[in-house]
Amino acid sequence: MKHRVTLIPGDGVGPELAEAARIAIEATGVDIEWDVQEAGAEVMEKYGTPLPDSVLESIRRNKVALKGPITTPIGTGFRSVNVALRQELDLFACVRPCKYYPGVKSRYPETDIVIIRENTEDLYAGVEFEAGSEQAKTIRSWAPEKIREDAAISIKPISAEGTRRIVKFAFEYAKANNRRKVTAVSKANIMKYTDGLFYQVAREVAKEYEGEIEYEEVLVDAICMQLVQKPGNYDVLVMPNLYGDIVSDLGAGLVGGLGVAPGANIGDEAAVFEATHGSAPKYKGQNKVNPTALILSGMLMLRHLGEWEAAQRLEQAVAAVLAEGRHVTYDLKEDRNDPTAVGTLEMAKAIAAKMA
Ligand code: NAD
């Protein structure tokens with residue numbers, strides 16, 4: 001079956017990583033027609049915006065996109081393309097698998113967790129009031145004994161509907177990927193209404209999966225400690241936006257860092273697969289950075305397309321190249337100045353060759 005996928009090379013190191021990912025994904029033999037779309041800092045002059053409408057139209061049409069990183073221009077008045085894509089397409093679930101592959105430097109070889117972060121609510125909703133503003137004064141008047149007069153204020157919305165869809169997503173993800181347990185992470189002992197609602201709704205959803213998928217609750221501070229002590233105890237973790245942001249980076253650190261951390265942003269209508277890392281502008285055009293994170297994001301995309309067998313072959317090929325440690329980029333070598341390190345494209349070609 002032929003799949004049509006939007007490919008957004010992005011900017012900075014994005015285009016070279018996108019080329020590498022394309023080589024590795026095509027080597028699986030899955031028939032993909034790439035609908036290449038330009039976005040990012042470098043197209044601003046041409047289109048007057050870093051996110052032309054044609055990009056969103058293409059993703060809405062194809063429903064699946066693979067995306068290279070995109071720089072967030074500072075001080076130009078343009079909002080982040082990455083955030084805009086998530087909002088415009090309502091990509092409410094951020095999926096970050098953190099799995100250890102032999103050959104990668106890590107202190108936690110037993111790690112194989114998937115962090116599912118709610119992408120639309122919480123303190124990220126952008127409802128903030130400057131210190132001294134009329135709104136901040138009004139909000140302070142509701143609890144003057146608890147809020148200092150010179151405080152800036154952020155609002156944390158957590159809804160039952162937003163929680164239900166992310167927790168349901170986590171359980172469905174667990175089922176589809178043969179996972180055994182979902183851990184809901186929150187701070188409900190302190191934020192009784194917002195995080196309390198998160199747990200209340202999560203429990204309701206968990207009941208629908210009783211006997212199929214295990215459910216447990218761990219507070220966010222405790223999960224940080226336990227993940228660096230016994231990551232092997234955890235499987236799928238679901239949490240609100242801010243905790244998800246922080247715990248995702250902790251997870252990437254457990255398995256060897258940004259170069260190997262894939263990700264996806266998924267909604268009901270569309271899914272965008274991208275690495276956790278950014279556009280690393282200082283390495284642009286050098287054919288130097290590690291393509292693993294974007295290639296593994298492509299592996300997640302193949303699973304999403306129902307191409308399970310091809311996804312498995314791609315993952316095995318990546319794992320084999322990492323384990324051999326020969327055709328790998330500088331960041332995966334013991335010594336970062338090791339002259340035997342290969343370039344981005346060469347590593348992708350070595351991965352492709354494993355599937356030949
Ligand atoms: P970054 O992830 O681009 O780079 C930080 C450092 O991590 C790099 O200098 C490099 O040493 C290392 N690194 C990153 N990716 C690597 C790879 N594939 N292989 C080897 N080493 C790698 O983070 P930053 O410098 O904070 O951000 C640069 C730009 O990217 C910013 O404009 C930021 O807004 C944007 N960004 C975009 C996304 C996205 O597209 N989703 C995500 C994060 C940051």
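The values are calculated or read from the model by the stated rules, or taken from the named source; none is laboratory data. Predicted model only: the values in this text are computed from it and were never measured. All Cβ positions, even for glycine, are placed from backbone atoms using ideal geometry, and neighbour counts span all protein chains on display. SASA here: full protein model, heavy atoms, side chains in, ligands and nucleic acids out. Shrake-Rupley method; radii C 1.70, N 1.55, O 1.52, S 1.80 Å.
Residue count for region 298-330 under the criterion of being over 26 Å from ALA65 (Cβ atoms) and within 14 Å of the ligand (Cβ to nearest atom): the result is 2. Restricting region 58-99 to residues that are open to solvent by 40 Å² or more (accessible area, probe 1.4 Å) and within 24 Å of GLU26 (Cα to Cα), the residue that is farthest from the ligand (Cβ to nearest atom) is ARG61.
When the residues of region 118-163 are filtered to those that are among the aromatic types (Phe, Trp, Tyr) and surrounded by 12 or more Cβ atoms within 10 Å (Cβ to Cβ), which remaining residue is farthest from ASP195 (Cα to Cα)? So that I can check it myself, show each step before the final result.
As a first pass, look at region 118-163 and keep what is among the aromatic types (Phe, Trp, Tyr): 124, 129, 142.
Filter once more, keeping what is surrounded by 12 or more Cβ atoms within 10 Å (Cβ to Cβ): 124, 129.
Working: TYR124: 15, PHE129: 22 Å.
Of everything passing the filter in region 118-163, PHE129 is farthest from ASP195 (Cα to Cα).
Report every pair of residues separated by at least 6 positions or lying on different chains whose Cβ atoms are under 9 Å apart, first residue within region 29-55 and at positive phi, second assigned to a helix (DSSP H, G or I). Pairs found: GLY29/ALA310; GLY29/ARG313; GLY40/GLY14; GLY40/VAL81. Inspect all residues belonging to region 209-223 and state whether any of them is within 24 Å of GLY126 (Cα to Cα) and open to solvent by less than 50 Å² (accessible area, probe 1.4 Å). Checked against the condition, which is being within 24 Å of GLY126 (Cα to Cα) and open to solvent by less than 50 Å² (accessible area, probe 1.4 Å), region 209-223 yields at least one hit. As a summary of the residue check, ALA24 satisfies the conditions (1) open to solvent by 10 Å² or more (accessible area, probe 1.4 Å); (2) small (Gly, Ala, Ser); (3) assigned to a helix (DSSP H, G or I) except for the one numbered (1). Can you tell me which residue in region 253-280 is farthest from the ligand (Cβ to nearest atom), limited to those that are among the aliphatic types (A, V, I, L, M) and within 12 Å of SER297 (Cα to Cα)? The qualifying residue farthest from the ligand (Cβ to nearest atom) is ALA271. Here MET1 clears all of (1) at pLDDT below 95; (2) open to solvent by 10 Å² or more (accessible area, probe 1.4 Å); (3) closer than 29 Å to ARG313 by Cα; (4) within 12 Å of the ligand (Cβ to nearest atom) except the condition numbered (4). Within region 342-356, the set of residues being more than 25 Å from the chain's Cα centre (by Cα) and not in a helix (DSSP H, G or I) comprises VAL342, MET355, ALA356.
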